[in-house]
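Asks: This is the structure, below, for whatever I ask next.
The values are calculated or read from the model by the stated rules, or taken from the named source; none is laboratory data. The structure displayed is predicted, hence computed values, not measured ones. A quick note on method: Cβ atoms are made from the backbone with ideal geometry, for glycine too, and the neighbour counts reach across all protein chains shown. Areas reflect the complete protein model, heavy atoms only, side chains present, ligands, DNA and RNA absent. Shrake-Rupley method; radii C 1.70, N 1.55, O 1.52, S 1.80 Å.
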Amino acid sequence: MALANYSDLQSALADWLARTDLADRIPDFITLAEATLNKVLRDTRMIGSASLSLATSDYEVAAPTDMLEPVIMFNASDPTKVVEQISVEQLVMIRRHRLKVASHPKFFAIVGRKIEVAPVADQSYTYAFRYYQSIPDLASNTTNWVMTYNPDLYLYTALMHAAPFLNDQQRMTVLGSTVVQTIQAALNQNRSAVFDTKTPGFSLNSPSDNATTSAAMNAALGKPAN
């Protein structure tokens, strides 16, 4: 069976689960799979763009609604003027002690669903903002890039979420391991296309190595540490 869209995936899940009474539950398993993949998967195909505008005296702007994690922010008119991401605590300290006078913003932090900058803008600026987008949900979009390039991720992750509903601990253990391996393979494939000190694949507070990556993946999937 081809796995190209939402309908295909639902049919495949019904076949793999070998149950005829789960039609109303299968969409839930897919939604849960998407939530899991949004937590752990970072791929070049997830990077989107937004134009952010600051007016004089502005210190914040709304983050894109589908943002999972920032990548880079820079002045749209001068890409050499990169706005560096820092923590909220660092932003507070910079505002208090270093950058009290309005100027071209040099730093930003994510505060809730806002992007706050320092210093306050001294005039109007437009920024190019690159960020990891959430995966377009299949229920609204029929298909997406994950179904096109990594349908195994959808299938195995949805099956893993079906296991607790079916009270099948053995299936949950096996599928949990399969999902980890499949996601890791996708991340390795992505690394061959990019060269970055920040390990693609996980939304963490700092860059991580492969050992930390595996631990983070297991934690996100609810698997115990080795």
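Asks: If the cut-off is 16 Å between C-alpha atoms, which aspartates and glutamates fall inside it for K39, apart from same-chain ones fewer than 8 positions away?
Replies: D66, E69, D137
Asks: Could you rank E84, E116 by how accessible they are, 1.4 Å probe, largest area first?
Replies: So, going from the largest accessible area down, we get E84, E116.
Asks: As a test question: what accessible area, to the nearest 10 Å², does V120 have when a 1.4 Å probe is rolled over all protein chains in place?
Replies: 60 Å²
Asks: What is the sum of charges, Lys and Arg at +1 and Asp and Glu at -1, for the other residues whose Cβ falls under 12 Å from the Cβ of M147?
Replies: With Lys, Arg at +1 and Asp, Glu at -1, the neighbours total -3.
Asks: Just to verify a number: FRET efficiency for N5 and S177, C-beta to C-beta distance, R0 = 25 Å, to 0.05?
Replies: Step by step, r from the Cβ atoms, then E = 0.35.
Asks: Give, as a single signed number, the net charge of other residues whose beta carbon lies under 13 Å from the beta carbon of S103, with Lys and Arg counted +1 and Asp and Glu -1.
Replies: Computed value for this residue: +3.
Asks: For segment 90-176, build the convex hull from the C-alpha positions and give me its volume per residue in Å³. Could the numbers behind the result be given before it?
Replies: Values: hull volume 15.3 nm³, N = 87.
Given the Cα convex hull of segment 90-176, per-residue volume reads 176 Å³.
Asks: Something else: Apply 1/(1 + (r/R0)^6) to the Cβ-Cβ distance of S53 and T20, taking R0 = 45 Å, and write down the FRET efficiency to the nearest 0.05.
Replies: Efficiency computed from Cβ-Cβ geometry: 0.25.
Asks: So for each of 21-28, 150-157, 74-81 I average, over its residues, the number of other beta carbons within 10 Å; can you give me the resulting order with the highest mean first?
Replies: The densest-packed peptide leads the list: 150-157, 21-28, 74-81.
Asks: What nm distance separates the two modelled labels at V88 and T31, each placed 7 Å from Cα along Cα→Cβ?
Replies: With each label placed 7 Å out from Cα toward Cβ, I get 2.8 nm.
Asks: Oh, and also: What share of Cα pairs, in percent, lie more than 20 angstrom apart in segment 19-169?
Replies: For segment 19-169, the fraction of Cα-Cα distances above 20 Å is 58 percent.
Asks: Under a 1.4 Å probe, what is the accessible area of segment 117-195 per residue, stated in Å²?
Replies: It amounts to 47 Å² per residue over segment 117-195.
Asks: Still on this structure, please answer the following. Please compute the length gained on full extension between E60 and S103, using 0.36 nm multiplied by the number of residues separating them and subtracting their Cα-Cα distance.
Replies: 14.1 nm
Asks: While we're looking at this one, here's another question. Under 12 Å from the Cβ of L17, count the other residues' Cβ atoms, weight Lys and Arg +1, Asp and Glu -1, and hand me the total.
Replies: Taking every other residue near L17 into account, the sum is 0.
Asks: How far is it, in nm, from the label point at A139 to the one at Q170 when both lie 7 Å from their Cα along the line to the Cβ?
Replies: Spacing of the two 7 Å Cα→Cβ label points: 3.2 nm.
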